[in-house]
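The values are calculated or read from the model by the stated rules, or taken from the named source; none is laboratory data. Predicted, not measured: the structure shown is a model, and the values here were computed from it. Here the Cβ positions follow ideal geometry from the backbone for every residue, glycine too, while neighbour counts run over all protein chains shown.
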Amino acid sequence: MGKSQLEELTKEFQKIPITSLQELSKIIFNNRISCYIQEIENMLKSISSDDLKFKWLDIKSHITLDDKAFLNDFPDEYFYFADLWSNDSGELLLILKKHH
C-alpha cells in the first residue's frame with residue numbers, strides 16, 4: 001500500500017502543538033502558511049492563504065483542539081481537527097480534517 005496524500009505532504013515536517021484558537025489565528029494572519037482541508041478520507045484540497053483568512057471567522061467556529069469532539073457541539077454539526085506542522089526551513093502547514 002502506498003503512502004497517503006497526507007503522509008507524503010508532511011514527510012519533512014514535524015507536528016507542533018496548537019495551544020489555543022487565538023494562537024492559531026495569530027499564526028494564520030502573521031505568517032505565510034499553506035493550508036489543506038481534508039473533507040474526504042485521503043483527499044486533501046489546497047486552500048490559499050487569502051481564502052483561509054477570508055473564511056477564518058466561519059472556519060474558526062468549527063475547529064476543535066481536543067482529541068474528541070461531538071458533532072452536535074458545533075454549528076451545522078460539522079467540525080475540523082486542526083494539525084499544525086513546521087519544517088526545518090520554517091515553512092508552516094495547516095491541515096484541517098473535516099468531520100460531519
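General remarks:
- On inspection, SER46 qualifies as assigned to a strand (DSSP E or B), free of Cβ contacts under 8 Å to residues at least 40 places away in the same chain and either surrounded by 11 or more Cβ atoms within 10 Å (Cβ to Cβ) or touching a strand residue (DSSP E or B) at 6+ places or on another chain (Cβ under 8 Å) (or both).
- Taking each residue of segment 3-32 that is over 14 Å from LEU93 (Cβ atoms) and of a type in the set (A, V, I, L, M, F, W, C) and looking for partners that are part of a loop (DSSP other than H, G, I, E, B) and modelled with pLDDT of 90 or more with beta-carbon atoms closer than 6 Å, six or more apart or interchain, yields nothing.
- Residues within segment 70-100 that are touching a residue at least 24 places away in the same chain (Cβ under 8 Å) and farther than 28 Å from ASN31 by Cα, tallied: 2
- Check on GLU8, touching a Ser or Thr at 6+ places or on another chain (Cβ under 8 Å) and among the acidic types (Asp, Glu): no
- For LEU52, the test of being in a helix (DSSP H, G or I), of a type outside the set (Lys, Arg) and touching a strand residue (DSSP E or B) at 6+ places or on another chain (Cβ under 7 Å) is passed.
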